[in-house]
Amino acid sequence: MAAATVRQDGDTLAFGGVLERAAVASLWSQLRAAKARRLDLSAVESVDSAGLALLAELSARLGITEVVGSPPGLADLRRAYRLDAALAFAG
């Protein structure tokens, strides 16, 4: 399993590796000043509930309009937490 990574690519935050509890704290520090409209999860190997919380908070804070990629675990977690395709609460 690869360590979680994130990089800014224009208006996109591109994530890679495994987005899980152990990685979330270090990613938060890298994302404090981030500005983006899009999340790219194409290189993410898997995501757990802590990783989803990070992504959902970024989506809300930044006004994310598009999420690309669907790593293992994401669809089930989105359904469980009632999040839409842009990781916002569907209501």
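The numbers here are math on the coordinates, done by the rules we state, and not lab data. This structure is a prediction, so every number in the text was calculated from the model and none was measured. Neighbour counts run over all protein chains shown; Cβ positions are idealised from the backbone, glycine included.
Some notes on this structure:
- In order along the stretch 38-51, the Karplus-derived 3J(HN,Hα) couplings, from 6.51 cos²θ - 1.76 cosθ + 1.60 at θ = phi - 60°, round to 9, 10, 10, 10, 4, 9, 7, 7, 6, 9, 10, 5, 5, x Hz, and Gly and Pro are given as x.
- Amide H contacts under 5 Å for Ser46, placed H, 5+ residues apart: Leu19
- For Gly69, the residues 5 or more places off, or on other chains, whose built amide H falls under 5 Å of its own are Leu41.
- Under the criterion of Cα pairs below 8 Å and six or more residues apart, the relative contact order for the chain equals 26 percent.
- Taken about its Cα centre, the stretch 15-71 carries a charge dipole of about 320 debye when Lys and Arg each add +1 at the Cβ and Asp and Glu each add -1 at the Cβ.
- Here, the chain yields an orientationally averaged convex hull projection of 5.0 nm² when only Cα atoms define the hull.
- Our coupling estimate for the stretch 23-36, obtained by passing each phi through the Karplus curve with A = 6.51, B = -1.76, C = 1.60 and θ = phi - 60°, is 9, 4, 4, 5, 5, 4, 4, 6, 9, 3, 9, 5, 9, 7 Hz, Gly and Pro reported as x.
- Once backbone amide H atoms are built at 1.01 Å from N, Ala4 has Val18 as its partners under 5 Å, excluding neighbours fewer than 5 places away on the same chain.
- Peptides 47-60, 25-38 ordered by average Cβ neighbours within 10 Å, highest first: 47-60, 25-38
- Under 14 Å, Cβ to Cβ, from Pro71 - net charge with Lys/Arg +1 and Asp/Glu -1: -4
- Under the Karplus curve 6.51 cos²θ - 1.76 cosθ + 1.60, θ = phi - 60°, whole-Hz ³J(HN,Hα) for the stretch 53-64, x wherever Gly or Pro sits: 4, 4, 5, 5, 5, 4, 4, 5, 5, 9, x, 4
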